Amino acid sequence: MDASTLSEPVVTDQEALQEFIDILWEYAPKIERDVAHLRNHPTERAVVGNLFRTLHNIKGDAALCKVEVGVAIVHPMESVLVRVRNGELPFTDAIAETILLTVDRLELAVERLSSGQTLDGLQLQLLIEGLERLAAAKPSRLDACVAEVIEAVTGSRPVAVPLPVMVGETKRGPGDGSRSQAADDLLFFLTLANQFEMRSPRFEGRTMRILRLALETNQMAGDPIDPVQLEAAIYMHDIGMMFLPESVWLRASALTAAEQRIMRAHPGHAAGLLSRMGGWSAAAEMVAQHHEMPDGKGYPGGLKGAGICPGAKVLAIVDAFEAVMLKHAERGRKRSLLRAIAEINACDQQFAPEWIEPFNQVIRRAADTR
């Protein structure tokens, strides 16, 4: 496939595309489990064979569903696994990371196709070319080839470390109300956030992780957002979910279209609570807008660019980053900063570009200190 076909592929059958997305959703966790197993037992040929067959099935299903971009992405990765299966290449952490990054990029590509977006920014041509070089590489060049393709696609060298959790007091600022009242309110908001976390083990520690990232990203940019208002927004942004049926927001699997419409109500519920408390109008605005997108395809208001407040833009990035990390963890492997960074940076139309670089700097600094 040429570059234009990869960046703007034509979807000839939307129903078939959705069928492929559903198939990929089922296959992806199996790939994660097999890769995690092979990291610890890299010589188990039977598992390598299982992994190869899964990728081969994905390629076949992509062809049947007329998702040409899926065939183009998976084929060179399949060729790499043929060499691993034949004993020509060892199964290394580098290959494991490449397989997972390839699957992530495929998921992003088909999700964008389903929503009518282009594939610009996913660097699919560079990914495919890099995988083809990897499929032909000598064993001595294996890690170098992997590093080259990962850096070409993501802009970062391979990194796979846990995200540090913030410890200690959070940063405080002047706020809209009195200092003592603001502190009391923040304690109340944090109590609500802790109650939200207790609804599922999946959410444990998420508030402090998101808070650390948001405050440090704001600080990296020179603190243009009131840190106290941002802190309140972090605590409250998902509280609105507790007004929705638990069968919807506690699910780990994909939501139906009807359930997605229900979920879209949660920012309004939380923002409504904040707006009724004196001194938190800025935080309420951040919460109300944190699912808006610069291209106008977000919700609930379909706001664009400058119409979205800076705090909501930051909250959107760090909240999505946490969601990506959770997705990876739920698929049976430890958190990977590399894959999460790559996924966030690939979604250039979903997030405000002026905040991506400060966010990247915070993540890189966290990785460098490990």
Here the residues within the stretch 331-363 that are open to solvent by 60 Å² or more (accessible area, probe 1.4 Å) and at pLDDT 75 or above are Gln350, Pro353, Glu354, Glu357, Gln361
Tell me which residues, restricted to the stretch 294-305, are part of a loop (DSSP other than H, G, I, E, B), open to solvent by 50 Å² or more (accessible area, probe 1.4 Å) and farther than 16 Å from His266 by Cβ.
-> Lys297, Leu303
Can you find even one residue in the stretch 77-89 that is without any contact (Cβ under 8 Å) to a residue 40 or more places away in the chain, under 16 Å from Ala346 (Cβ atoms) and either open to solvent by less than 20 Å² (accessible area, probe 1.4 Å) or out of contact with any helix residue (DSSP H, G or I) (no Cβ under 7 Å at 6 or more places or on another chain) (or both)?
-> no
State all residues of the stretch 215-259 that are part of a helix (DSSP H, G or I), open to solvent by 10 Å² or more (accessible area, probe 1.4 Å) and closer than 26 Å to Pro353 by Cβ; if no residue qualifies, say none.
-> Leu215, Glu216, Gln219, Met220, Pro227
How about the stretch 80-104: which of its residues are over 23 Å from the mean Cα position of the chain (by Cα) and under 15 Å from Thr54 (Cβ atoms)?
-> Val80, Leu81, Val82, Val84, Arg85, Phe91
Pairs returned, first residue in the stretch 91-102 that is open to solvent by less than 10 Å² (accessible area, probe 1.4 Å) and of a type in the set (Gly, Ala, Ser), second residue that is part of a helix (DSSP H, G or I) and modelled with pLDDT of 85 or more, beta-carbon separation under 9 angstrom, 6 or more apart or interchain, are Ala96/Val35; Ala96/Ala36; Ala96/Leu38; Ala96/Arg39
Could you give every pair whose Cβ atoms fall below 7 Å, whose first residue belongs to the stretch 233-257 and is modelled with pLDDT of 85 or more, and whose second residue is of a type in the set (Ser, Thr, Tyr), counting only separations of at least 6 or pairs across chains?
-> Ile234/Thr207; Tyr235/Thr207
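The values are calculated or read from the model by the stated rules, or taken from the named source; none is laboratory data. In this text the structure is predicted, and so the values were computed from the model without any measurement. All Cβ positions, even for glycine, are placed from backbone atoms using ideal geometry, and neighbour counts span all protein chains on display. Accessible surface is based on the protein model in full, side chains and every heavy atom, while ligands, DNA and RNA are left aside. Shrake-Rupley method; radii C 1.70, N 1.55, O 1.52, S 1.80 Å.
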